[in-house]
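Read-outs: derived from the displayed coordinates by stated rules, not from any lab. Here the structure is a predicted model, which means the values were calculated and not measured. A quick note on method: Cβ atoms are made from the backbone with ideal geometry, for glycine too, and the neighbour counts reach across all protein chains shown.
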Amino acid sequence: MYKYIIRRILVFIPMLFALTVIVFGLAQAAPGDALTGQQLADPRVDPEVYEKQREALGLNDPIPVQYAKWISNVAQGDFGKSLVFNGRSVADLIEARFANTLYLGIFSLFITIVVAIPIGIYSARKPYSLLDYAATGFGFLGLAIPNFFFGLIAIYVLSINLGWFPAQGTLSGPGMAGFEAFFSRLHHMVLPGITLGLAGTATYMRYMRSEVLDVLGSDYIRTAKAKGMSDSNVLYKHTLRNALIPIITLMGFEIGVLLSGAVITEQVFQYPGLGTLFISSVTNRDFPVVMAITLILGILILIGNLLADIFYSIVDPRIRYD
Amino acid sequence: MTKQPLLDVDHLKTYFYLDDERVAKAVDDISFSVYPGETVALVGESGSGKSITALSIMQLINKPGRIIDGAILMNGEELLKLSTKQMTKVRGNDVAMIFQEPMTALNPVYTIGNQITEMLRKHKKMNKQQAKTRAIELLNTVGIPRAEEVIHEYPHQLSGGMRQRVMIAMAISCEPKLLIADEPTTALDVTIQAQILDLMADMREKFDMALLLITHDLGVVSEYADRVMVMYGGQIVEEAPTKQLLRTTKHPYTKGLLGSIPKLEEDTNRLEAIKGTVPPAYDFPAGCRFSSRCPFVMEKCTQVNPELELIESNHNVRCHLYEDGGNTDE
Ligand SMILES: Nc1ncnc2c1ncn2[C@@H]1O[C@H](COP(=O)(O)OP(=O)(O)OP(=O)(O)O)[C@@H](O)[C@H]1O
Ligand SMILES: [Mg+2]
């Protein structure tokens, strides 16, 4: 098992390397650079000034040279400086945003699991019941409505009209601490969290329903019943663990789905996470930030897949990695 | 047999409501008894309702299916009147069941030990340690080597024959009075089949259980069963002690079944399988259900379904040929 994990991590390195090459190349292929915007905004400034800055920042070097510089710095843990935010270090800029996105992702995954799995189980136990039909309807809606649209409706109804939840940000005011800050954070995460988790909730609900139905019809469940096991034992011991096996595999990919969903959701709620930073960095051609975020997202997705494999082997004894 | 029956199935009907028009009469008015300690074979072609009869006794009939009528008495206690919860105390404890497919009958994510001990803990109220010790004993009893290790293993680590032994170990763990085995060897290698059947026969004797053995192998019947019930179209068509049934076969269907076993020492050209296939359970022919395939079909057969009648001592037959104790030469 440990050998397997180490092997998997070693495979990550070339994958991440390829990822950075591709993103770096694509980013450079886009027209303009970090200074283009400033130049356009203030045409009275002598173009020479910008040209000198470009030279100083190394923006005129050939792309492979720029990449080599960047990757050797990253290898030493230095993501460089932002070209836009007054030269703040990228690491510094990302740190706070990263935590916000992480909280939002975990919160949304939590909502997804807590809502989808019990409803999925219920739907499977009472198929074609009223609640099952309701869940099916909700599932279709959840998958059909785009994130941003649901987000806008949520803001309009729950925030503007009813005033139950804040529509943007992470904290109600400056200088909050302890429990007060924690609850304010949670309160702010409700709408973006639900929005972000909507599609996932719908998906997992349907998956859970069909998995449980499948397992309930299997031979070993009939054996468990024939042994005289109670209904709850049959459901929670014999059925659930088997039904969760494919769900866990799916969850590994969910990290990637959540992160890409976060880009849009954070934008809608003006939530200061990696997603909003990513979009502004792309528009501003702040490539050091873009590259750093790409790398982090890449690592997270690979870790997600690895975790899914590990959980998979824990739940299913037939899977052995060695 | 003057003893009280252990199991008494009385006019049992289990129907599957397939859709608005079609009702599959999988088990249609079946009555029989099983006495303590005896081995009764239930035979018949695929689709004749053998498994559904067994599952009805266990009350494990799923969705479109329902037990719509009849009574099932176990030691005089009416099982169909028990609550769901009370029934869980009967399953595995008073009546145990072994299935056809050992490869999928065990839960893949729990150890063998876990799956045996959970029964002992539920029915026998044993603690963890007692249950574990007992599980090892049981695995030894059913001839599994390295039982101490096997309890920590998962089903996928065992062969089909070993898994069926585990199923038998589970089935006998709470010393049930009745063991139902639904084609327990069909999925196994020929060499393993005899071992498993011998093991079940041993266990039946050792634990003084009655055995309801479902099979379509008449060779197995002649070797292991005291009494045979032949099923066709959800009904019993012939029933007698094994020797008697094999020697003086009455029902044309049973004759067909016997004829369809190839006998090595005989001329294989005489192999007379039953023509045609079992009609679907939602579309039986009018009159006798076997009339569409019967070589001796008479006009009456297509109009009236005969009753199961005692025509000789211990020999019941459902056929117009034998009405009024009548004898026919074929
Ligand atoms: N789940 C089900 N849904 C609908 N009909 C069913 C279902 N299970 C059984 N039946 C009906 O009941 C009839 C009897 O089935 P059963 O499984 O008892 O046959 P069997 O005698 O055990 O055959 P086999 O030798 O193939 O195991 C079938 O022909 C089928 O029409
Ligand atoms: Mg069957």
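What does the helix-only formula give at 222 nm for the protein assembly as shown: each DSSP H stretch with n ≥ 4 adding -39500 (n - 2.57), the total divided by the residues, and the result rounded to the nearest 500 deg cm²/dmol? Please list the in-between numbers first.
On the way: 23 runs with 335 residues, N = 652.
For the protein assembly as shown, the value works out to -16500 deg cm²/dmol.
Let's test the formula: R0 of 45 Å, r as the Cβ-Cβ distance of A:R54 and A:R320. What FRET efficiency results, to the nearest 0.05?
On the way: r = 55 Å, r/R0 = 1.23.
FRET efficiency, A:R54 to A:R320: 0.20.
Would you tell me the mean number of C-beta atoms belonging to other protein chains that fall within 10 Å of each C-beta in B:112-120, as a whole number?
Values: counts 0, 0, 1, 6, 1, 0, 7, 4, 0.
So the per-residue partner count for this stretch is 2.
Taking beta carbons within 10 Å but only from partner chains, what does the mean come to for residues A:228-239?
Values: counts 17, 7, 5, 3, 0, 3, 1, 0, 0, 5, 5, 1.
Whole-number average of other-chain Cβ neighbours for A:228-239 is 4.
Between A:Y128 and A:R88, take the C-beta separation as r, use R0 = 51 Å, and let me know the FRET efficiency to the nearest 0.05. Walk me through the numbers before you get to the answer.
On the way: r = 58 Å, r/R0 = 1.13.
So the FRET efficiency works out to roughly 0.30.
Please arrange A:K227, A:K3 by how many other C-beta atoms lie within 10 Å of their C-beta, fewest to most.
Numbers: A:K227 26, A:K3 9.
Sorted ascending by nearby Cβ count, the order is A:K3, A:K227.
Rounded to the nearest 0.05, what FRET efficiency do A:N73 and A:Y4 have when you use their Cβ-Cβ distance and R0 = 41 Å? Display every interim value, and only then the final one.
On the way: r = 32 Å, r/R0 = 0.77.
So, using R0 = 41 Å, E works out to roughly 0.80.
Over the protein assembly as shown, what is the percentage of antiparallel beta bridges among all DSSP beta bridges, to the nearest 5?
Given both bridge residues lie in the protein assembly as shown, the antiparallel proportion sits at roughly 60 percent.
State whether the protein assembly as shown is rounded, prolate or oblate according to the following rule on the C-alpha gyration tensor (a ≥ b ≥ c being the square roots of its eigenvalues): a/c under 1.5 gives rounded; otherwise a/b larger than b/c gives prolate, and the remaining case gives oblate.
Numbers: a/c = 2.97, a/b = 2.67, b/c = 1.11.
Prolate.
Using the basic label-point model (7 angstrom from Cα toward the beta carbon), what is the A:I303 to B:D10 distance in nanometres?
Those two pseudo-labels are separated by 6.9 nm.
Please report B:I57, A:I155 as a ranked list, fewest other C-beta atoms within 10 angstrom at the top and most at the bottom. Don't skip to the answer; put the middle values down first.
Values: B:I57 24, A:I155 20.
Taking fewest neighbouring Cβ atoms as first place, the list is A:I155, B:I57.
In percent, what relative contact order does chain A have, based on Cα pairs under 8 Å that are 6 or more apart in sequence? Could the numbers behind the result be given before it?
Numbers: 333 pairs, mean separation 85.5, N = 322.
Relative contact order of chain A: 27 percent.
So which of A:K227/B:K243; B:K50/B:K243; B:K13/B:K206; B:K3/B:K89; B:K81/B:K250 end up more than 27 Å apart, counting from Cα to Cα? Write down the numbers at each step before the final one.
Working: A:K227/B:K243 34 Å; B:K50/B:K243 21 Å; B:K13/B:K206 33 Å; B:K3/B:K89 25 Å; B:K81/B:K250 37 Å.
Listed pairs above 27 Å: A:K227/B:K243; B:K13/B:K206; B:K81/B:K250.
Assign one of three labels to the range A:65-186, namely rounded, prolate or oblate, based on the Cα gyration tensor with a ≥ b ≥ c the square roots of its eigenvalues; rounded applies when a/c is under 1.5, prolate when it is not and a/b is larger than b/c, and oblate otherwise. Each step should come with its number before you reach the end.
Working: a/c = 2.60, a/b = 1.81, b/c = 1.43.
In terms of gyration-tensor shape, prolate.
If I model a spin label as a point 7 Å beyond the Cα along the Cα-Cβ vector, how far apart are those points for B:H152 and B:Q303 in nm?
7.4 nm
Report the net charge of residues surrounding B:A210, where surrounding means a beta-carbon distance below 14 angstrom and charges are Lys +1, Arg +1, Asp -1, Glu -1.
Numbers: positive: B:K3, B:K177, B:R204, B:K206, B:R227; negative: B:D8, B:E38, B:D94, B:E175, B:E205, B:D208, B:D226.
Result for the local shell: -2.
Hey, rough spin-label estimate for A:I145 and A:L213, points 7 angstrom out along Cα→Cβ, what's it come to in nanometres?
The two pseudo-label positions are separated by 2.4 nm.
For the range A:179-322, calculate the relative contact order in percent as a whole number, restricting contacts to Cα pairs under 8 Å that are 6 or more residues apart. Can you show the working numbers first?
Numbers: 93 pairs, mean separation 35.8, N = 144.
That works out to 25 percent.
Which residues in the range A:179-218 have a backbone N closer than 18 Å to a point placed 7 Å from the Cα of A:L162 along the Cα-to-Cβ line?
Output list for this probe position: A:186-198.
Tell me the relative contact order for the range A:96-271 as a rounded percent, counting alpha carbon contacts under 8 Å between residues six or more apart.
Details: 171 pairs, mean separation 62.1, N = 176.
Value for the range A:96-271: 35 percent.
To test your reading of the geometry: what angle, between 0 and 90 degrees and rounded to tens, separates the Cα axis of helix B:128-141 from the longest principal axis of chain B?
The helix B:128-141 is inclined about 50 degrees to chain B.
Multiply the residue gap between A:F182 and A:L26 by 0.36 nm, knock off their C-alpha separation, and tell me the result in nm, one decimal place. Write out the running numbers ahead of the final one.
Details: separation 156, 0.36 × 156 = 56.16 nm, distance 3.95 nm.
Computed gain between A:F182 and A:L26 is 52.2 nm.
Please arrange B:E205, A:E48 by counting, for each residue, the other beta carbons lying within 10 Å of its beta carbon, fewest first. Don't skip to the answer; put the middle values down first.
Working: B:E205 12, A:E48 8.
Sorted ascending by nearby Cβ count, the order is A:E48, B:E205.
Could you pull out every one of the aspartates and glutamates with an alpha carbon less than 16 Å from that of B:K63, ignoring same-chain neighbours closer than 8 positions?
The reachable aspartates and glutamates, counting only those whose Cα sits under 16 Å from B:K63, are A:D214, A:D219, A:D231, B:D19, B:D20.
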